[in-house]
Amino acid sequence: MGGNDPTAVDLFCGAGGLSLGFERAGFRVICAVDNSTAAVLTYNQNFSCQATALDLSLADLRLPAADVIVGGPPCQGFSSAGMRRPGDPRNSLVAKFANIVAERRPRAFVFENVEGFLTAHGGAFVLDLLAPLLGAGYRIHLQKVNAANFGVPQHRKRVIAVGGLGFDPSLPRPTHTAFGAPGALLASEHLPLAPAVAEAIRSLPEPACEPPGNPQGHYYRPLRDEDLERAQALGPGQTMRDLPDALWHTSYRRRAFRRVMDGTPTERRGGAPAGIRRLSGDQPSKAITAAAKSEFLHPSEHRALTLRECARLQTFPDQHLFLGRPSDQAGLLGNAVPPLLAFRFAQTLFHDLEKAEAGVREGALLTFVPTLSDGCSPALKQVKTLVEKAFARFVEPRELTLWR
């Protein structure tokens, strides 16, 4: 990369998924920050740009001038994969991110988060993100996407916002058709099929039974007793709910019959549980989380996935190392933006910046697409109404047709 490449700052850099994608697209990452020791160690092991450790308040943050600021503020506070904590201080980092961008005024920004971001606290975090940025003059797309539609071998639904300062940024078009998750076909139907699990992990060697594995993280602990019995009873695509009651985990039994309203978990509880799951080799994986290494079974072998197999499904290269305790490594991987998904958005933004003309234009909400479906849950419908009312003056008439 040359000195004239557009520059990027990666806030909440984690394992470096966004940085990998942006570097591959031609950006030069000049600054990265995170509060996690394992994240900083992992990032510094894999990138020439050395990450800085900062606390979650981002106090005394000093950033170099850059063309783009990217980031995915920690999402555990409102992720449907974990317990919902309304008072979690990490939730406020959405506003921190937005205010940093509004104050630094880079040419563009990219924001990524879990789909639970949309409905958490009745849409409050959507307002936290959009209000400062629209007021600062950014012209923004905010949409929910499935990573599988962009070539990632995984059904990973994420909210991505892209904003240009005084210019209209573009969004990448889906590159793949995907089956096996609600709404996946709505993005595209006549494109190549998204890579499946078996295709993504096929070229890996036999895993070791002890760490560190080769490549790093490619090892597993053999299953025993009831765990092995469960694995032997599960076919491709089946989960704990397909097992006889006698084989259910105690924790699964406690949660199995709790109801989930409007697609949103109740306070301090995850969504309707699946427990362990055997992946289907001929479909993209379910979303890789911090628990995937213990909950996802190999498509055809009676064992859990290895960390490196999970990394393949996240599109991290085999030479990308994950440092820290095993739980740290699993968390970094589960929270990461798939580098390939980051690349798709970065590549489009790179071309936008090449042709964007300087000028003064007011902020605008170009698109707000929280779902591709014609129908949506009452919680999401409420958020759409909230956003439409709060930002009516930022929606240009010609763009109304882009709303869903």
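Simple spin-label model, 7 Å along Cα-to-Cβ: Gln382 to Gln319 in nm?
Inter-label distance under the simple model: 5.0 nm.
Rounded to the nearest 500, what is the 222 nm mean residue ellipticity of the chain from helices alone, with -39500 (n - 2.57) per DSSP H run of 4+ residues and division by all residues?
Numbers: 13 runs with 118 residues, N = 404.
Roughly -8500 deg cm²/dmol at 222 nm, from the helical runs in the chain.
Which one, Val33, Val387, Val70, has the greatest fluctuation when you compute a Gaussian network model over the chain with C-alpha springs under 10 angstrom?
Top of the fluctuation ranking is Val387.
Under 16 Å from the Cα of Lys293, which lysines turn up, not counting those fewer than eight places away in the same chain?
By straight Cα distance, Lys293 reaches no lysines at all.
Taking a cut-off of 26 Å between Cα atoms, list the lysines near Lys389, but don't count ones fewer than 8 places away on the same chain.
Here the lysines satisfying the reach criterion relative to Lys389 are Lys96, Lys144, Lys157, Lys381.
If neighbour count is taken as other Cβ atoms inside 10 Å, put Arg202, Arg253, Arg156, Arg107 in order from fewest to most.
Numbers: Arg202 10, Arg253 13, Arg156 25, Arg107 22.
The fewest-first ordering by Cβ neighbours comes to Arg202, Arg253, Arg107, Arg156.
Between Glu362 and Arg24, what is the label-to-label distance in nm when each label sits 7 Å out along the Cα-to-Cβ direction?
4.0 nm
Sorted from fewest to most neighbouring beta carbons within 10 Å, what does the list Cys49, Cys13 look like?
Ascending Cβ contact count within 10 Å gives the list Cys49, Cys13.
Hey, if you put +1 on the Cβ of every Lys and Arg and -1 on every Asp and Glu Cβ in the chain, which of Asn46, Gly14, Val114 ends up farthest toward the positive end of that dipole?
Val114
Since every read-out is calculated from the coordinates, none of them should be taken as a lab result. Note that the structure is predicted; figures quoted are calculated from it, not measured. Neighbour counts are summed over all protein chains in view; Cβ atoms, including those assigned to glycine, are modelled from backbone coordinates with ideal geometry.
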